[in-house]
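Peer 1: Take this structure first; my questions come after.
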Amino acid sequence: MSAAAVLVLTACGSDGDTGQAGQAGEQGGPTVVAGFYPLEWAAERVGGDRVEVSSLTPPGAEAHDLELAPQDVAAISEVDLLVYLEGFQPAIDEAAESEAGDAAWDAGQAADLTLAAEDHAHEGEEAHAEEEAHAGEESVDPHFWLDPTRLAAVGDALAARLAELDPEGAATYEQNAAELRADLEALDAEMQAGLADCAVDTLVTGHDAFGYLADRYGFEVVGISGLSPSQEPEPAQMAEIASLVQERGVTTVYTETLVDPAVAETVAAEAGVQTAVLDPIEGLTDESAGEDYLEVMRTNLATLQEGQSCA
Ligand SMILES: [Zn+2]
């Protein structure tokens, strides 16, 4: 790409914008804004040096309940590609529809969201019913990235989308996505091997984030707080889960990095078992048990091997 074209793109991207969002990549590739950490990480891996990626969810913020500042909405209206996950962050869904136009790219299409949201018999059901009526279809579990193979599929699709926006970078994006896929498949193989023979098959977690992980590696997941951590469980629901913990010989109830552990700790105390931290990787902070998605997933693997008594 010529220097003139780079200048034009940079000028467009930084127009009226003080933040990182909207700046062109060093080599003049497209600007990308991602909804939250795993999408940001995948976009950075696939885009490489050609693409400047920023995230709408600040480090340490709870991703589900994200609220957008006016400058975030402005960034979305200017960006070349908005990588988001329909049904996960309602504020971004709204901005994608009203501001992003053709730049909106729903990672859920490539991730193949096959798991339905579990029908929780507690608060939130009315909200679910409303959502379903609005969408005209059953609501799905959005937490696909905890199955590394689904994240690899998103990387491949993202490479194809970036190549449409920046044909000169097509070979680079394809190569980067292939390297990302290799890393994710190696992780998947480690998880398959490490979780193949576990004494406890029931996974009791803070919120219902681990459905795709459970589906891939042979666990049955029981989320204490439903699909979003802001859904507070009824005491009766917690008591029910505590007795299920005892019945199934569960030894560990999992808390999360970005969510108050009180609810999971209450269930664990009631059942007389321990807690451990399992990270749904909805965000990354200095306290995260790893520098990136791959490292935190390997920490999760070690936590699960111990907590589920795997051979
Ligand atoms: Zn979640």
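The values are calculated or read from the model by the stated rules, or taken from the named source; none is laboratory data. Note that the structure is predicted; figures quoted are calculated from it, not measured. All Cβ positions, glycine included, derive from the backbone under ideal geometry; neighbour counts span all protein chains shown. Accessible surface areas use protein heavy atoms only, side chains included; no ligands, DNA or RNA. Shrake-Rupley method; radii C 1.70, N 1.55, O 1.52, S 1.80 Å.
Peer 1: Residue under question is residue 275, and the condition is that it be away from the ligand (no atom under 16 Å from the Cβ) and part of a helix (DSSP H, G or I); does it hold?
Peer 2: Criteria not met by residue 275.
Peer 1: Out of the residues in segment 256-270 meeting the condition of being open to solvent by 10 Å² or more (accessible area, probe 1.4 Å) and of a type in the set (Gly, Ala, Ser), tell me which one is nearest to the ligand (Cβ to nearest atom).
Peer 2: Out of the qualifying residues, it is 262.
Peer 1: So, in segment 230-255, exactly how many residues are open to solvent by less than 40 Å² (accessible area, probe 1.4 Å), at pLDDT below 90 and more than 20 Å from residue 280 (Cβ to Cβ)?
Peer 2: Within segment 230-255, residues that are open to solvent by less than 40 Å² (accessible area, probe 1.4 Å), at pLDDT below 90 and more than 20 Å from residue 280 (Cβ to Cβ) number 0.
Peer 1: Now a separate question. Among the residues that make up segment 219-227, is at least one of them buried (at least 18 other Cβ atoms within 10 Å of the Cβ) and more than 22 Å from residue 64 (Cα to Cα)?
Peer 2: Among the residues of segment 219-227, at least one is buried (at least 18 other Cβ atoms within 10 Å of the Cβ) and more than 22 Å from residue 64 (Cα to Cα), which makes the answer yes.
Peer 1: Specify the residue that is farthest from residue 149 (Cα to Cα); the eligible residues are those in segment 287-310 that are outside any helix (DSSP H, G or I) and open to solvent by 30 Å² or more (accessible area, probe 1.4 Å).
Peer 2: Applying the filter and picking the extreme gives 287.
Peer 1: Here's something else I'd like to know. Report every pair of residues separated by at least 6 positions or lying on different chains whose Cβ atoms are under 7 Å apart, first residue within segment 206-226 and more than 10 Å from the ligand (Cβ to nearest atom), second part of a strand (DSSP E or B) and of a type in the set (D, E, K, R).
Peer 2: 214/220
Peer 1: Of the residues 104, 95, 91, only one is within 23 Å of residue 283 (Cα to Cα), within 16 Å of the ligand (Cβ to nearest atom) and either modelled with pLDDT of 95 or more or in the same structural domain as residue 240 (by TED's automatic domain parsing) (or both); which?
Peer 2: Step by step, each of 104, 95, 91 is checked, and only 91 is within 23 Å of residue 283 (Cα to Cα), within 16 Å of the ligand (Cβ to nearest atom) and either modelled with pLDDT of 95 or more or in the same structural domain as residue 240 (by TED's automatic domain parsing) (or both).
Peer 1: Cβ-Cβ under 8 Å, sequence separation 6+ or interchain: first residue in segment 99-113 and within 13 Å of residue 35 (Cα to Cα), partner of a type in the set (Lys, Arg) and open to solvent by 40 Å² or more (accessible area, probe 1.4 Å). Which pairs?
Peer 2: Close Cβ pairs satisfying both conditions: 105/161.
Peer 1: Is it the case, given these coordinates, that residue 284 is open to solvent by 30 Å² or more (accessible area, probe 1.4 Å) and either touching a Cys at 6+ places or on another chain (Cβ under 9 Å) or not charged (D, E, K, R) (or both)?
Peer 2: So residue 284 passes the test.
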